[in-house]
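In what follows, a single structure is set out as structure tokens and then discussed.
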2 protein chains.
Amino acid sequence: MQLVSRNRCFEGDQAVYTHGSDVCGVDMTFGIYLPPQARNGSVPVLWYLSGLTCTHENAMTKGGFQEHAAKHGVALVFPDTSPRGEAVADDEAYDLGVGAGFYLNATQDPWKPHFQMYDYVVNELRALIQGAFPVTENHGITGHSMGGHGALTIALRNPTLFKSLSAFSPIVNPSQSDWGRKQFSAYLGDDEATWAQHDASILLGELGWHGDILIDQGADDQFMDLLRPQAFAEAATLRRQSAVLRMQGGYDHSYFFVSSFAGDHVKWHADRLRTGLH
Amino acid sequence: MQLVSRNRCFEGDQAVYTHGSDVCGVDMTFGIYLPPQARNGSVPVLWYLSGLTCTHENAMTKGGFQEHAAKHGVALVFPDTSPRGEAVADDEAYDLGVGAGFYLNATQDPWKPHFQMYDYVVNELRALIQGAFPVTENHGITGHSMGGHGALTIALRNPTLFKSLSAFSPIVNPSQSDWGRKQFSAYLGDDEATWAQHDASILLGELGWHGDILIDQGADDQFMDLLRPQAFAEAATLRRQSAVLRMQGGYDHSYFFVSSFAGDHVKWHADRLRTGLH
């Protein structure tokens, strides 16, 4: 693991590292914010998964999460959204290939050798973070757009690993959306039965979630038709799932929206991670 | 004036406009944040001048000022750092020409026709903001690095126009720095007597300031030798100037530093602008 940069931020440290990933077969980059409380002991971790076209850097510089993480004593992890490099397959479209890993394990060529973002986040990077930094085993997860999809699907499938859950304008029904069908077909193949484990609305209906879930969605989101929040709302309602689904009037899909509610989400996770109870 | 974008942010609106600038002879772009309080009346304005290589956008997306502006009911204005476009002279160096206007009026060719950032900010853009948006005449000014230089020199020379003043890691003694001597020579010519009116440490010694001044400086700033905070500290001390000069341990020159203290600066200005007293 190699340190790329470290900047003091809200009395804590915002660092960026690269490391060789066995799972993805290339070097991967991630950001980690350690709040000042981490100098005197271990702190809970909030994972933030980013959306299409993003790297580890977008939320780290534009999300405004550090202020709240420092206040509440929570570490932040910002993974990249896909493998990168000359060896990595790509597509001309912004929403397939590099920057668009969709937090799944590709089973189809040419994506299979490197696009293993599900295993990367859930297993490899989580173990690395757990071993290398002063963090407790209380991890929460959130994300934006494609990253909200990642947060929801990863948490729903790994309820013992992630103790708190939220999302910003997540893609919640990708198997019925143009942000999903093309990608799942490419990465997973045409057997739609394999897609269900990467569809948050289907997963919620099948599995539920042991805690409550916070979702913020901008009412003026220009990508609303692709996100399909109504599918998750329906699934949550039918499941009687403890959840807070907020439609935020006037907000769009941008980081101006994300940053506006970053404080609420960090507090949501901190409240649930502090004790490890939920 | 043409609207480029508008995003809801912390219940207010972060907008970007372009407008034809008579002073700079090209179209100029600026950002303005109107807090929710501006829907029901006029609000004070805090100007934020950006540093080398920045556009109107950097602080708008990475500074985290909007949260605090919304809390305190203050508008934010983010001007560009220079004129831009095919007609505009430039230099290969990052610190001269485009992105490096130094908030002065160039008297030398090839810069003179467009590099009139002092008049642009102080007169043209200020009048535009005052006329087009729901703002009071209580304006404060801050900035980062070259923008801190701009904030200090503009405020010191226009004490009736700007009622509150702060800066983040400002260039405070450019006539004795490699961030200054090259640029002043190019923009203003070799007669160093003309440089003094753009040197905050000299201006403070000559003019003082009617209020108190807040300056935050990162102790681990990689550009400390170019900023020369000791020159301003000396001038302020000799002048017995009301000021708070904070050396912040562990912080560098980045926006991770700026955002860490954005809240303090917005509150500083809001407290002084609310009444118009100082």
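Descriptive notes on the structure:
- Answer residue from the range A:98-146, given it is of a type in the set (A, V, I, L, M) and over 18 Å from A:GLN197 (Cα atoms) and is surrounded by the most Cβ atoms within 10 Å (Cβ to Cβ) among those: A:LEU125
- Qualifying residue in the range A:87-109 (condition: more than 14 Å from chain B (Cβ to nearest Cβ), touching a His at 6+ places or on another chain (Cβ under 8 Å), closer than 15 Å to A:LEU34 by Cα and not aliphatic (A, V, I, L, M)): no
- On the stretch given as the range A:93-133, residues that are β-branched (Val, Ile, Thr) and in contact with a helix residue (DSSP H, G or I) (Cβ under 7 Å, 6 or more places away or on another chain) total 3.
- Scanning the range A:1-29 for residues that are β-branched (Val, Ile, Thr) and under 19 Å from B:GLY250 (Cα atoms) returns A:VAL4, A:VAL16.
- The selection criterion, being surrounded by fewer than 21 Cβ atoms within 10 Å (Cβ to Cβ), under 22 Å from B:LEU52 (Cβ atoms) and out of contact with any Asp or Glu (no Cβ under 7 Å at 6 or more places or on another chain), does not hold for B:ASP199.
- Subset tally (residues that are touching a residue at least 24 places away in the same chain (Cβ under 8 Å) and among the aromatic types (Phe, Trp, Tyr)) for the range B:3-30: 2
- Answer residue from the range B:202-223, given it is more than 14 Å from chain A (Cβ to nearest Cβ) and in contact with a strand residue (DSSP E or B) (Cβ under 9 Å, 6 or more places away or on another chain) and is surrounded by the most Cβ atoms within 10 Å (Cβ to Cβ) among those: B:ILE215
- Single match in A:ALA270, A:ALA231, A:ALA262 (criterion: away from chain B (no Cβ under 14 Å), of a type outside the set (S, T, N, Q), closer than 20 Å to A:GLY51 by Cβ and in a helix (DSSP H, G or I)): A:ALA231
- Failed item in (1) surrounded by fewer than 21 Cβ atoms within 10 Å (Cβ to Cβ); (2) closer than 21 Å to A:LYS71 by Cβ; (3) within 14 Å of chain B (Cβ to nearest Cβ), with A:VAL244 passing the rest: (3)
- Condition broken by B:ARG239, with the remaining ones in (1) in contact with a Gly (Cβ under 6 Å, 6 or more places away or on another chain); (2) modelled with pLDDT under 95; (3) within 14 Å of another protein chain (Cβ to nearest Cβ) satisfied: (3)
- Of all residues in the range B:61-76, those that are facing another protein chain (nearest Cβ under 7 Å) have Cβ atoms under 6 Å from Cβ atoms of residues that are hydrophobic (A, V, I, L, M, F, W, C), 6 or more apart or on another chain, in B:GLY64/B:ALA262; B:GLU67/B:PHE10.
- Per this entry, A:LEU214 is counted among residues that are in contact with a Ser or Thr (Cβ under 8 Å, 6 or more places away or on another chain) and within 18 Å of A:ALA155 (Cβ to Cβ).
- Exactly one residue among A:ASP80, A:ASP95, A:ASP22 is among the acidic types (Asp, Glu), at negative phi and buried (at least 22 other Cβ atoms within 10 Å of the Cβ), and that residue is A:ASP80.
- Qualifying strands (runs of 3 or more DSSP E) (wholly inside the range B:1-46; at least 2 residues being away from every other protein chain (no Cβ under 14 Å) and within 21 Å of the chain's Cα centre (by Cα)): B:12-20, B:27-34
The values are calculated or read from the model by the stated rules, or taken from the named source; none is laboratory data. The shown structure was predicted, so the numbers you read here are calculated from the model rather than taken from an experiment. All Cβ positions, even for glycine, are placed from backbone atoms using ideal geometry, and neighbour counts span all protein chains on display.
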